[in-house]
1. What is the residue count in the stretch A:623-649 for residues that are within 14 Å of chain B (Cβ to nearest Cβ) and part of a loop (DSSP other than H, G, I, E, B)?
2. Select from the stretch B:111-133 the residues that are farther than 30 Å from B:ALA269 by Cβ and buried (at least 19 other Cβ atoms within 10 Å of the Cβ) and list them in ascending order.
3. Within the stretch A:631-638, is even one residue surrounded by fewer than 17 Cβ atoms within 10 Å (Cβ to Cβ), in contact with a Phe, Trp or Tyr (Cβ under 8 Å, 6 or more places away or on another chain) and among the β-branched types (Val, Ile, Thr)?
4. Take the conditions crowded, with 20+ Cβ neighbours inside 10 Å and closer than 25 Å to A:ASP176 by Cβ and apply them to A:ALA626. Does it pass?
5. Across the stretch A:672-702, what is the total count of residues that are closer than 26 Å to A:ILE640 by Cα and either surrounded by fewer than 19 Cβ atoms within 10 Å (Cβ to Cβ) or in contact (Cβ under 8 Å) with a residue 24 or more places away in the chain (or both)?
6. Taking the stated definitions as given, is A:ASP358 touching a Ser or Thr at 6+ places or on another chain (Cβ under 7 Å) and not aromatic (Phe, Trp, Tyr)?
7. Would you be able to tell me the number of residues in the stretch A:371-388 that are in contact with a Leu (Cβ under 9 Å, 6 or more places away or on another chain) and either on the phi > 0 side of the Ramachandran plot or assigned to a strand (DSSP E or B) (or both)?
8. Restricted to the stretch B:176-210, and to residues that are over 17 Å from B:ARG263 (Cα atoms), among the β-branched types (Val, Ile, Thr) and part of a loop (DSSP other than H, G, I, E, B), which residue is nearest to the other protein chains (Cβ to nearest Cβ)?
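The values are calculated or read from the model by the stated rules, or taken from the named source; none is laboratory data. Quick caveat, the model's predicted, so the values are computed rather than measured. Cβ: placed from backbone, ideal geometry, glycine included. Neighbour counts: every protein chain shown.
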Amino acid sequence: MPMLRWLLSGCFGLLWVAHASGQTRITVSGTVTDATTGETLIGAQVYGLGTQSGMLTNGYGFFNLQVPSDCPGVSVQYIGYQTDTIEVSGTSRTGLSVSLQPYTIMTEAAVIEAEGSAPEERAEKLGTLELRPEEARSIPQLFGERDVIKAIQLMPGVQATSDGGSGFFVRGGGADQNLILLDEAPVYNPSHLLGFFSVFNGDALNTAELYKSGIPARFGGRASSVLDIRMKDGNAGKTTVSGGIGLISSRLTIETPLADGRGSALISGRRTYGDLFLNFSADTNLQNTALYFYDLNAKVNYRINDRNRLYLSLYNGRDDFDFAEAFLLRWGNRTATLRWNFLLSDEIFLNTSVVWSDYAYRVGFGPEDTGFFRDAGIQDVQIKEDFTWYAHPSHTVRFGGQWIQHTFSDVVSIDSEPAPDRAGWETALYLEDEWSFAPRWKAVAGLRAARFDLVRGPVYALNAEGELMGDPGEAADAGFGTGGLEPRLSVQGAVGKRHALKFSAERNRQFLHLVSSSAAGNPTDLWLPVSNNVAPLVADQFAGGWSTNTEDGMWSLSAEVYYKRMLDLLEFKVGADVFAPTTLETELVSGDGEAYGIEWLVRKERGDFTGWVSYTLSRSFRTFDAIDDGLVFPAASDRIHDISLVAMWQVSPRVSASANWVYHTGDPATFPTGWYLYETQLVPQYSRRNQGRFPHYHRLDLGITLKSKDGVARSGGGKTGWQAFRGGEWTFSCYNAYGRENTYLINFEPSEEDPAQTQAVSLALFKVIPSISYDFKF
Amino acid sequence: MISSFKHFAGAVLVAFALTGCEQVIELELDENQTLPVFSFRFNASAGQVIGTISESVDFYSPTAPMLETSAAVEFIAPDGAITAISPLPDSLYLGTVEGTFNTGDTVGLRVVRVGQEYTAFNAIPELLPIDSVQVREFEGFPFGPPPDSLEGPQYEIYVYFPATEESRNLFVEFLVNGELQTDVLQGLKTTPGEITEIPLGWSQRLFNPEEVVQVWAWTLSDDTYDYWLALSSILGAFGPSGVPGNPPNHWSNEALGHFFVGRLATSQAILPE
């Protein structure tokens, strides 16, 4: 006991000494913006010169850095911008507005100066992927679109669900296990036109960050990842118009300052127009067919004073396929986010958000007044508070909470008694401490407590066989709720001058399941809340990563390993009635999953020739007692080898070229292996689940961008109007340049040569898809 | 101008032609796992067992499944009594079992084939009798494609079942002029407390004057209903749908098919001229 008392006294003494005898510290805080547009710069690096103190700006461009009082200055840098240095003379400087000047031409010097990329900053990036829309613009994509989701699919650990699709798997998880946020509003279906386009118009976006592991405690509700997409604020310096004209769609974006630069607004729209040509068809059915999608993004922000800022973000998007009043498929997302940033004090940053989102679809046959239709969707109302307390140079504490009301609707037109809506409350509190416990090392320890309560709608009682018993009860009376704690821990830091390490362990809980009867997914999949019959999905992930770069910073290399365990996944049982059961809960079975893998990324960071190679070696399995007698089978996301090669070449100031080649192991599939006669029916016999594989997938995309002479010259001039429009850039791209016929689905048909034989016929969606687009800005 | 448009139209057509196509591919498959298929029905109302034994055949180069009669088949009564079920020459197994079979009793079937034993058990359901069979003249579809025009009237047939306190599993078959109609599988769970009305063929089947229609209404055990539901999903009205897989296997070793247990109610309708 005396020894223990001595030890404790010593520890407290050391702490007191560390705090008391250290140098006096001062605070430097403010926001970082683009000097020409006023756009906030998220993730800008801020560090004290000659110190170990540094941080990244938060999602609103805010920073708060504590440095020793003798620190000569604070450096602010961001790739593509000239570095700025804030002088400090022993006194705190708060409420700063740091404007960084963008480089008009990315010279070698500019990139070297901007990169910095100290290993401790690279350690923070392990387990995450950050992409800016201008980077996505360099990568050739389907129909010439520049899509952040398609670009993210080229990174390790992320796989597209299908050819050209916008859904994605992250580290063996399902497509519904990714929380996709647009200015904090959840987007439940990120796909247009069955996934060939995502709903994210790159012209309206600022940044996109994907957390594959080390998910901060402020995020929750999905088991595998968080894709946090932020819209641009709008140009606070001058009114600009930009857009693009393509073969499939066109887009237009207008940004303008408000209130003498105290605010700004942005409105951005995009629409396809293939259906306009159908009106010229001689076929009346085609004349009466609608086939289009559109997106509309709008945002307004206003700086009330140095401590208060308001943002309002809106999104409305829709897809419509209506074939001559015979078949209809229509879906859309709408979101609205109102946010208030408030500096409670120089050390406490507060964000309050009120969020609304709505995803709905309609599918059916026949005229709208007499046909058969299904209308379903999910609507959220959310309030969240996030505090960031820069408590100490070594401690940044984040805490807060959120409350979400989810409302689920599913109405079939022929039902005499339409199913009532269900509603549930998802609530969470979190606390997280970012602790710099050693020079160049920090730990982020967090705890999230999350809960889901079913508050309205039917509650079903099922027997042991999963069959309905009696009449449904009412959620308000039954009082169903579930929840738990989600610990989050990561440790990251630098070793030597060039090496970075990161380890993380976390639990994520998911209270909504997306039930789908097909592996590819479609807009008519249903979101199902947890209940007395459906448990929440719980995923535990352990990950470790290492990255390094060459001494000159030209090349970087990273490797990450992970293991993920998932409990209470859902699948439809074999022979499920997916269309008209009283409740889908009778058609579902639960099981577990396991995924593990290693991801490599080699990147050339600078020069006229840049790009990366990513390789993921991974496995993902599922086990369900009710499927194949509980034997383990490969998950739909089990693609053993996944490779992406991306190359970008700045040929000259006017010409740039790009190419990407992707390869992955064929998707698991369940193939028929035999026929048998049961009574009078000839029935296909299937293998065990997912024992077969589609053929391997690979594809080459090429692109060339040509800037007009006017455009190149315009950087030094001030052309407007038609001359400015002419000063845009042409992009010529070719998706699937060597015409690989990648299998989208397989039909089994009698052979033409011998009808007694059955053959597998592969259907590919795309062969060679060339496209041309013209982008302009003035 | 015209020349430029032709070039543009040609480019669009070429682009369209380059998109999407089909090709025959070779799949990497494990050897087909040939399994025995046991297709047996027990009608608890009459004590009758009927069934066939065959084997699954290769999917890609199929041969006709051959019926087997070399296996030994035994019926296991609720009290454990065993009754051998004998095969008819080169075809099916057929037998009658003496005894009283009460609702909830468990009966079993044992098959010994090529030295391997397969056993399945199932529970006897309570019979849902047929209340009435009604014939109605067809008046046309409410939506969708119009029927082919034929001379003379056509008819629909509706089968009615009484309301019961608990849900029952129904499986309805019908014969037209003695021929079993196999293109439609009709199964459903009745709603407690409500009369059940079933249009034969789900209103997609019309009947002609003077046809003789026999209705076989099976009340199924829960296991058998689940099996037929899975089977109907696999077969699908427009081809297989949903996630592919084999129906639940309730045999003690790996096998296909099912030991179908139910009670049968029958009725008949003779259509007018």
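1. 7
2. Scanning the stretch B:111-133 gives B:VAL111, B:TYR118, B:ALA120, B:ASN122.
3. Yes, that holds for at least one residue.
4. Criteria not met by A:ALA626.
5. 16
6. In short, no.
7. Number of matching residues: 7.
8. Selected residue: B:THR182.
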